[in-house]
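So the structure is just underneath, and the comments pick up after that.
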């Protein structure tokens, strides 16, 4: 006979479940920054304005990644 499934926010061993692992948070942050560098660098290459939009892209990518982490852990 199986016991009913508990859904009280606890994982195996009574530890709290996390909705996002540390790996997924790290990949989201890294991916946001790398994407910002790539997009900003591409725009800089096209407009010959290096490093203006690359720097902006890093900050925008980081901000979007932080928002994605927020949504992932909410």
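The values are calculated or read from the model by the stated rules, or taken from the named source; none is laboratory data. Since we're looking at a predicted model, the values are computed, not measured. FYI the Cβ positions are ideal-geometry reconstructions off the backbone, even for glycines, and counts take in every protein chain you see.
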Q | Matching residues, region 33-53, being more than 19 Å from the chain's Cα centre (by Cα) and surrounded by 14 or more Cβ atoms within 10 Å (Cβ to Cβ) | A | 41, 43, 44, 53
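Suppose the filter is surrounded by 12 or more Cβ atoms within 10 Å (Cβ to Cβ) and either more than 23 Å from residue 70 (Cβ to Cβ) or at pLDDT 95 or above (or both); does residue 2 pass it?
Taking the combined requirement at face value, the residue does not satisfy it.
Quick grid of which residues meet (1) part of a helix (DSSP H, G or I); (2) modelled with pLDDT of 95 or more:
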site: 7; (1), (2): no, no
site: 20; (1), (2): no, no
site: 23; (1), (2): yes, no
site: 32; (1), (2): yes, yes
site: 38; (1), (2): yes, yes
site: 43; (1), (2): yes, yes
site: 46; (1), (2): yes, yes
Q: Starting from region 44-69, take each residue that is farther than 15 Å from residue 28 by Cβ and list its partners that are outside any helix (DSSP H, G or I), counting only C-beta distances under 6 angstrom and pairs at least six apart or across chains.
A: 44/50
